[in-house]
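*Asks:* Next up is a structure, given as structure tokens.
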Amino acid sequence: AVALSLFPRQSMGAGALCARIPDEEVDAQETPRLQESNAAAQMENPDSSWNAVSPGSAVADGGSHHESAVGVVWFSVDPRVGALNVYPLAIAERLEAEHARLDPDVRVAVSLIGCGGVFEGASVEFGGDEPPLQRTARGKRDVRRVEVPADASRVDVNVIHSRAWRITDEALPGITEERSVEVSRDNIVSVAGGDDDAHDDERSETVKAGDAAGLVSLWEWSKLADLEAPASWGLYGEEQGGLIENAFREGKRSVEVNVGIRTYEVIFDGSDGGKQVDHTLHKRRLVRRRLVAPDQRDAELRAAAEAVAETCAGNTQGECAVCCTEFAETPTLPVVRLPTCGHLFHCACVQEIADKGNPCPLCRGAVDWKKALGAQ
């Protein structure tokens, strides 16, 4: 039996997330049932690929390293169809942090509890003489760690089918198949050198300059979906903004924030922003860090709260029926009042319902979601 510790969502320190497991033969033939979200997004250069099994390029979980490698990608193979799935950056960073302190002779299991969605209850094992595996209550799947250059946009690996699809570290004509998966800065863990050092220096200088000027940060999200140039911005609440700012100052590549029922990964890029990624709904939007005087920040947060209060005025509902949180507890989180029935919800909480064109969650009345959310 393998004993794994349980950790709350906010605990992301990799050092506390692994358990030593006994040496044992790993049966990689068992077919798991877990479905994973592929969080990859293609970079601008489609021809920049990285072969995970070519001699002298990149290797999985040990062996020689390419001298130009400055990042790491973690991914698994779906044992039913052979598709490759890249781990989101927050999970990849958790795995990489533990890998960096790994004793090669000890096999460990890194818990993914707190990562949400299909990763809840899963763990990734690596070390010892066996290749990495992801385990759940339903089964297991092969996992690989591959070093890549900063501008990689694709990783190629060989897979083989025998009862289930598995990753193989050598190509066998007529037996194995080559599969590819797109990667980008959204899921490449920085390990050394490259442009990331310059970004870190630039970020550090921006923080120092703002502090010296007595300015404070406001973190904002674009009101336009995807990565279009925004015409207007929304404010993160004090709690979410504080989490983002702390991660930014600590030099982290990304941070998870919870808004209503949704979990976003904010991925930093440069010294003044980045992007917000919803890996579940596959949505992205720009975020920015704006430096203002303390009294201006207080005034803008207060104005955002007053706008939400105005939307809720005259309504006795009191809480969002989706996340069951009082509107008073989320003063800056945008609220939508449905035009026909007048029911109130956090915009973030009803986004998936709106995307599917479903009726009001409370009264089941028809809703023109485009009109309702377009007013926000």
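*Asks:* Looking at this model, which pairs from Lys252/Lys275; Lys223/Lys371; Lys283/Lys370; Lys275/Lys356 are more than 20 angstrom apart at the alpha-carbon?
*Replies:* Pairs exceeding the cut-off: Lys275/Lys356.
*Asks:* Once fully extended, how much extra length lies between Thr340 and Glu239, figured as 0.36 nm per residue of separation less the alpha-carbon to alpha-carbon distance?
*Replies:* Net length gain for the segment: 33.1 nm.
*Asks:* Taking every DSSP beta bridge with both residues inside region 203-316, roughly what % is antiparallel (nearest 5)?
*Replies:* 95
*Asks:* Sort region 272-376 into rounded, prolate or oblate with this rule: let a ≥ b ≥ c be the square roots of the eigenvalues of the Cα gyration tensor; rounded if a/c is under 1.5, and if a/c is not under 1.5, prolate when a/b is larger than b/c, oblate otherwise.
*Replies:* Here region 272-376 falls in the oblate category.
*Asks:* While we're here: Compute the length gained on full extension between Thr325 and Asp200: take 0.36 nm times their separation in residues and subtract their Cα-Cα distance, giving the result in nm to one decimal.
*Replies:* 41.3 nm
*Asks:* Contour minus end-to-end for Ala293 and Ala171, with contour as 0.36 nm per residue of separation and end-to-end as the Cα-Cα distance?
*Replies:* 37.9 nm
*Asks:* Also: Out of the total accessible area of region 266-376 (probe 1.4 Å, heavy atoms of protein only), what percent is carbon and sulfur?
*Replies:* Answer for region 266-376: carbon and sulfur cover 48 percent of the accessible area.
*Asks:* Follow-up question, since we're still on this one. With the crude spin-label approximation of a point 7 Å out along Cα→Cβ, what separation in nm comes out for Arg101 versus Thr316?
*Replies:* Label at Arg101, label at Thr316, 5.5 nm between them.
The values are calculated or read from the model by the stated rules, or taken from the named source; none is laboratory data. Computed from a prediction, not measured in an experiment: that's the story for all the values here. Ideal geometry is used to build each Cβ from the backbone, glycine not excepted, and the neighbour counts take in all protein chains shown. Heavy atoms of the whole protein, side chains included, go into the accessibility calculation; ligands, DNA and RNA do not. Shrake-Rupley method; radii C 1.70, N 1.55, O 1.52, S 1.80 Å.
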